[in-house]
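Throughout, read-outs are computed from the coordinates displayed, never taken from laboratory work. All values derive from a computational prediction rather than experimental measurement. Quick reminder, even Gly has a Cβ in these numbers, built from the backbone with ideal geometry, and neighbours come from all protein chains shown.
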Amino acid sequence: MDLIASHITHRFGDLAVLDDVSFTVGAGEVVAIVGPSGCGKSTLLSILGGLLQPTSGAPELRGSPPADSLNPLTFVFQDFALLPWATVEENVEFPLLHTQLSAVQRRALVEDALRRTTLTDFRKAYPKQLSGGMRQRVGISRALAVKPAILLMDEPLSALDSQTRELLMEDFVRLLADGGMGAVYVTHNLEEAARLADRIVVLSRRPGRIREVVTVPMTRAARGEAEAREKLLALQNQIWSLIRNEAIDAEREVQHA
Amino acid sequence: MLDRAPAEIAKDAATRRVRFRGAGFVPASSRYGGWIALAIVIAIWQAAGSAGLVNALFLPTPAAIVRAIYQLAISGALWQHLSASLLRIGVGWLLGTAAGVAVGFAIGLSRLARSVGITFISALFPIPKIALLPLLILWLGIGEEPKIATIALGVFFSTAISVYSGVDAVPRNLIRMAQSFNVPFATIVRKVIWPGALPAILAGFRITASVALLLVVSAEMIGAQYGIGAFVLQAGNLMQTDQLLAGVVILSVFGLAVGKLIGWLEVRLLHWR
């Protein structure tokens with residue numbers, strides 16, 4: 001199943017946020033979206049996932065999702081969006097409650113998702129008892145439980161410390177390794193984008209337009225190797241040179257706001 | 001090579017400890033402090049009364065008040081008055097709460113209900129509900145109904161406000177999360193909005209319990225034969241200040257008991273906080 005951003009333009013009142021953004025996320029492909037602060041990255045993701053109605057243009061799907069997918073487009077949120085009154089397993093089961101699945105089927109999906117995110121021993125814990133990294137693992141586990149075709153990840157690591165970010169990045173690489181699941185990964189962090197994405201969509205300053213689409217010239221598996229690091233660093237520098245001046249302008253704009 | 005901390009730290013006459021400046025401004029109280037203070041006040045009160053420093057007609061001693069409560073209890077009058085008040089509070093509170101929760105949720109969830117409901121609530125909430133009792137007596141007669149209706153009205157507005165404030169305070173990201181999984185509206189209300197609004201709703205219950213107590217006493221003072229409010233008024237008219245204060249103590253104990261009950265509910269239902 002492909003996800004297509006088709007000429008998406010969006011305004012919040014008088015404020016133009018996105019301007020004619022078009023690209024395609026192929027089946028199993030990971031596309032990162034980067035750009036200066038306020039360029040409309042998260043807005044674009046909300047539009048792609050059907051949570052926000054664009055002013056013009058539309059998100060479109062081409063092809064069928066996998067037969068067992070319960071929610072083809074599934075978000076992983078920056079702030080985790082966990083139900084604080086529910087345990088880990090109740091949070092993971094939450095999106096399955098309204099489906100036609102039996103309790104036994106739901107239990108099996110929850111077990112599998114908890115196992116894949118190494119949360120099995122924390123099933124009875126409440127979110128407040130968990131660290132930020134573990135909370136985001138619950139968010140990922142909940143997303144995996146519905147067997148998505150494409151994960152929509154809105155800066156999923158930005159609220160975490162650097163060590164936890166590194167650990168979760170390794171988890172993302174592992175979960176996306178087999179190509180069975182695609183992702184749109186919104187981030188400020190060019191290193192994360194270069195490590196995870198097949199292609200990187202670089203947006204301009206507001207209103208966000210596509211400045212460039214950069215293909216990462218190696219497989220994700222190869223990116224852990226020593227000689228790949230230099231290439232990835234060069235790629236990050238190339239993208240940074242594209243957005244640096246606009247990022248400075250955006251920062252000044254935020255400070256003056 | 002890693003630096004390691006030296007085993008001995010050199011100190012001289014100029015070495016001094018950094019002064020601790022972080023004390024205070026912590027909202028914590030000692031567990032028994034309040035009870036001890038209360039006991040001291042009662043002891044002083046009793047001592048002053050026993051020593052004849054205070055006229056018992058104006059302020060009877062705590063012991064006299066306890067005796068009055070005991071006599072009320074063994075005579076059966078306590079239960080007669082208390083049960084009348086409890087029935088009015090119970091029915092009025094339940095009716096007002098049920099209506100308030102329904103209207104509060106409607107205002108919290110529906111744009112139309114919000115625009116209509118908030119206008120009416122803003123206009124009617126400030127009216128002292130006891131002022132409506134004569135009108136309610138005119139409409140409903142002189143029985144229990146106007147007293148219960150007064151309590152229900154008072155409880156309704158506070159409940160509706162706390163419920164829609166609670167619904168408004170539910171984090172939007174949780175609702176968006178549920179929508180992103182195609183969770184139906186009714187399930188979002190049941191599984192996200194209701195538990196998310198529950199802290200505000202229970203806080204509202206604390207307020208409405210006090211409102212109900214206030215209104216039942218006021219309503220009983222205006223037109224009732226039985227009830228704690230009627231008993232207090234009657235005792236005051238007869239200058240039976242020990243009986244009057246016995247009624248006040250019973251009201252205080254009732255308020256405390258309701259507070260404890262709501263506290264227990266909060267511990268049970270909001271253990272996740």
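Data for the structure
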item: Options B:Ala149, B:Ala197; residue that is more than 30 Å from A:Leu48 (Cβ to Cβ), away from chain A (no Cβ under 14 Å) and part of a helix (DSSP H, G or I); result: B:Ala149
item: Candidate set from the stretch B:152-177 (those that are over 30 Å from A:Leu48 (Cα atoms) and among the hydrophobic types (A, V, I, L, M, F, W, C)); member that is nearest to the other protein chains (Cβ to nearest Cβ); result: B:Val163
item: Among the residues listed as A:Leu130, A:Leu101, A:Leu73, A:Leu109, the single one being within 14 Å of chain B (Cβ to nearest Cβ) and surrounded by fewer than 16 Cβ atoms within 10 Å (Cβ to Cβ); result: A:Leu101
item: Residues of the stretch A:39-64 satisfying the condition of being among the small types (Gly, Ala, Ser) and either touching a Phe, Trp or Tyr at 6+ places or on another chain (Cβ under 6 Å) or assigned to a helix (DSSP H, G or I) (or both); result: A:Ser42, A:Ser46, A:Gly49
item: Number of the condition not met by B:Trp79 [criteria: (1) assigned to a helix (DSSP H, G or I); (2) within 22 Å of the chain's Cα centre (by Cα)]; result: (2)
item: Breaking point among (1) out of contact with any Ser or Thr (no Cβ under 9 Å at 6 or more places or on another chain); (2) of a type in the set (Ser, Thr, Tyr); (3) within 14 Å of chain A (Cβ to nearest Cβ), for B:Ser180; result: (1)
item: Residue in the stretch B:226-242 that is crowded, with 22+ Cβ neighbours inside 10 Å and part of a loop (DSSP other than H, G, I, E, B) present; result: yes
item: Yes/no for A:Pro36 being more than 15 Å from the chain's Cα centre (by Cα), under 30 Å from A:Arg106 (Cβ atoms) and assigned to a loop (DSSP other than H, G, I, E, B); result: no
item: Residue list for the stretch B:183-194, filter: of a type in the set (A, V, I, L, M), more than 10 Å from chain A (Cβ to nearest Cβ) and more than 13 Å from B:Ala102 (Cα to Cα); result: B:Ile193
item: Unmet requirement for B:Val232, which otherwise passes all of (1) within 14 Å of another protein chain (Cβ to nearest Cβ); (2) without any contact (Cβ under 8 Å) to a residue 60 or more places away in the chain; result: (1)
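Matching residues to (1) buried (at least 17 other Cβ atoms within 10 Å of the Cβ); (2) farther than 26 Å from A:Gln78 by Cβ; (3) out of contact with any helix residue (DSSP H, G or I) (no Cβ under 6 Å at 6 or more places or on another chain):
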position: B:Lys129; (1), (2), (3): yes, yes, no
position: B:Leu140; (1), (2), (3): no, yes, no
position: B:Ile148; (1), (2), (3): yes, yes, no
position: B:Leu153; (1), (2), (3): yes, yes, no
position: B:Leu174; (1), (2), (3): yes, no, no
position: B:Ala178; (1), (2), (3): yes, no, no
position: B:Val183; (1), (2), (3): yes, no, yes
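Every residue, every condition in (1) closer than 24 Å to B:Lys191 by Cα; (2) more than 15 Å from the chain's Cα centre (by Cα); (3) more than 12 Å from chain B (Cβ to nearest Cβ), yes or no:
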site	(1), (2), (3)
A:Trp85	yes, yes, no
A:Gly139	yes, no, no
A:Ala149	no, no, yes
A:Asp161	no, yes, yes
